[in-house]
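The values are calculated or read from the model by the stated rules, or taken from the named source; none is laboratory data. Note that the coordinates shown come from a computational prediction; the quantities given were computed from them, not determined experimentally. Glycine gets a Cβ as well: all are built from the backbone with ideal geometry, and neighbour counts include every protein chain shown. Each accessible area value is taken on the protein alone, full model and side chains, heavy atoms only, with ligands, DNA and RNA left out. Shrake-Rupley method; radii C 1.70, N 1.55, O 1.52, S 1.80 Å.
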Amino acid sequence: VALQLKRRGIHRVRPLEGGYAAWTLLGYPVVPWEDARQALGAPLSVPA
Amino acid sequence: VNDSIDFLRENGTTIVFFAVLFEQMGLPIPCTPWLLAAGALAHSGRPSLLAVVGLGALGAALGHLGWFFAGRRWGYGVLRFLCRISIEPDTCVQRTQGTFDRFGGGALVAAPFIPGLTTIAPPLAGLSGMPLWRYLALDALGDLLWASTFVGLGYAFGDQVTWALRVALRYGSSVLGVALGLFGLWMLFKLLQRARVRRKLHVDRIRPAELKEMLGRPSPPLVLDLRHRRELVEDPHTLPGALQVSPSELPSRHKEIPRDRELILFCS
């Protein structure tokens with residue numbers, strides 16, 4: 001996906017090393033998906 | 001050679017059953033040559049054509065069943081494990097989920113014909129909550145079609161397959177050497193291909209610690225969660241501020257992505 005986006009001119013894109021599994025393994029914070037669910041269908045430019 | 005052929009005639013069904021069982025469990029044991037050989041030998045009535053097809057399909061079904069229950073019990077952990085040991089872990093989870101979503105239960109029928117998918121489709125069916133009876137029916141149909149196809153090909157081209165079998169038995173070590181050499185070349189090609197993709201992305205990967213630090217900044221990056229919706233249902237958590245987007249729709253929505261913010265992608 002990152003390569004596809006780069007080909008489309010979005011150069012500031014980086015995949016997270018190890019993905020979600022690595023993030024949770026390190027004990028970093030996660031939030032309930034309900035918060036993310038509300039963002040479904042929302043424009044991608046919505047501020048995080 | 002004749003003794004070996006006689007041995008195969010006597011034990012063809014047993015060999016086919018175990019070769020198929022072990023291969024479909026995920027072990028790197030090629031079973032297709034055994035199906036072809038048994039089909040070719042069945043021309044003379046020994047082993048029985050129906051027995052070879054039946055035991056081949058049964059071996060495949062039993063080989064898959066454990067993965068189905070593993071998927072049901074451990075969910076995406078099994079899929080991640082299988083994809084981690086696969087030759088293409090970067091695309092494995094998304095691709096198999098995409099195939100399963102596109103074809104539904106039909107993916108189970110087609111799975112035995114598609115290398116890779118045959119081991120991953122059963123746990124995917126298990127974790128998706130497919131009823132056991134439906135899984136068994138679809139998987140059995142796929143296994144029966146698959147076994148019939150290869151045994152049937154062996155039967156149809158009996159003379160040619162028997163000739164190849166005699167050559168393989170006579171020059172066994174040389175043929176094995178060539179086969180292993182070709183397999184090694186294929187593995188090397190896939191590893192080089194993977195290394196090339198990784199090299200392209202290498203400088204662009206972000207470490208979790210760096211992302212955690214960036215998320216605390218006044219202008220954090222835009223984080224996109226590319227995991228499958230089904231996976232999010234199993235573990236309904238995500239990174240702070242992440243938006244959930246399907247990987248397939250992302251390229252078509254690239255114009256919506258703000259160019260002034262860095263984009264971080266993650267999946268399972």
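Residues in the range B:240-256: is at least one more than 28 Å from B:Trp74 (Cβ to Cβ) and modelled with pLDDT under 70?
yes
Going by what's in this entry, would B:Arg253 be described as assigned to a helix (DSSP H, G or I) and within 20 Å of A:Gly9 (Cβ to Cβ)? Spell out how you get there, then give the answer.
Numbers: assigned to a helix (DSSP H, G or I): yes; within 20 Å of A:Gly9 (Cβ to Cβ): yes.
Yes.
Got a sec? Which helices (runs of 4 or more DSSP H) wholly within chain A have at least 2 residues that are within 7 Å of another protein chain (Cβ to nearest Cβ) and modelled with pLDDT of 75 or more? Working first, answer last.
On the way: elements: A:2-7, A:19-25, A:33-37.
Counting at least 2 such residues, we get A:19-25.
Name the single residue, out of those in the range B:24-50 being open to solvent by less than 40 Å² (accessible area, probe 1.4 Å) and without any contact (Cβ under 8 Å) to a residue 40 or more places away in the chain, that is farthest from B:Thr118 (Cα to Cα).
Among those residues, the one meeting the criterion is B:Pro47.
For B:Gly177, only one of the following conditions fails: (1) modelled with pLDDT under 70; (2) under 30 Å from B:Ile264 (Cα atoms); (3) among the small types (Gly, Ala, Ser). What is its number?
(2)
Applying the selection to the range B:226-240, what residues are touching a residue at least 24 places away in the same chain (Cβ under 8 Å), facing chain A (nearest Cβ under 9 Å) and crowded, with 19+ Cβ neighbours inside 10 Å?
Going residue by residue through the range B:226-240, those that are touching a residue at least 24 places away in the same chain (Cβ under 8 Å) are B:226-228, B:230-231, B:234-235, B:239-240.
Now drop any that are not facing chain A (nearest Cβ under 9 Å), which leaves B:226-227, B:231, B:235, B:239-240.
B:Leu226, B:Arg227, B:Glu231, B:Leu239, listed by residue number.
Select, from B:Leu62, B:Leu108, B:Leu55, the only residue that is part of a helix (DSSP H, G or I), farther than 30 Å from B:Glu10 by Cα and either at pLDDT 75 or above or open to solvent by less than 20 Å² (accessible area, probe 1.4 Å) (or both).
Working: B:Leu62 fails: farther than 30 Å from B:Glu10 by Cα; B:Leu55 fails: farther than 30 Å from B:Glu10 by Cα.
Testing whether each residue is part of a helix (DSSP H, G or I), farther than 30 Å from B:Glu10 by Cα and either at pLDDT 75 or above or open to solvent by less than 20 Å² (accessible area, probe 1.4 Å) (or both) leaves just B:Leu108.
Would a scan of the range B:202-225 turn up a residue that is under 30 Å from B:Ala107 (Cβ atoms), at pLDDT 75 or above and within 14 Å of chain A (Cβ to nearest Cβ)? Before the answer, list the steps.
From the range B:202-225, those under 30 Å from B:Ala107 (Cβ atoms) are B:224-225; that's our starting set.
Going one step further and asking which of them are at pLDDT 75 or above, we end up with B:224-225.
Keeping just the survivors that are within 14 Å of chain A (Cβ to nearest Cβ) gives B:224-225.
Yes, the range B:202-225 contains at least one residue that is under 30 Å from B:Ala107 (Cβ atoms), at pLDDT 75 or above and within 14 Å of chain A (Cβ to nearest Cβ).
Restricting to the range B:113-136, and then to whatever is part of a helix (DSSP H, G or I) and over 29 Å from B:Pro33 (Cβ atoms), can you tell me which residue is least open to solvent (accessible area, probe 1.4 Å)?
In the first step, residues of the range B:113-136 are kept if they are part of a helix (DSSP H, G or I); the result is B:113, B:117-127, B:132-136.
Filter once more, so that each one left must be over 29 Å from B:Pro33 (Cβ atoms): B:126-127, B:132-134.
Details: B:Gly126: 3, B:Leu127: 29, B:Leu132: 61, B:Trp133: 182, B:Arg134: 99 Å².
Per the criteria, the residue is B:Gly126.
Of the residues in the range B:9-50, how many are of a type outside the set (Phe, Trp, Tyr) and in contact with a helix residue (DSSP H, G or I) (Cβ under 6 Å, 6 or more places away or on another chain)?
Kept after step one, since they are of a type outside the set (Phe, Trp, Tyr), are these residues of the range B:9-50: B:9-16, B:19-21, B:23-33, B:35-50.
Next, from what is left, pick out any that are in contact with a helix residue (DSSP H, G or I) (Cβ under 6 Å, 6 or more places away or on another chain): B:9, B:12-13, B:15-16, B:19-21, B:24-26, B:29, B:31-32, B:35-43, B:46-47, B:49.
The total comes to 26.
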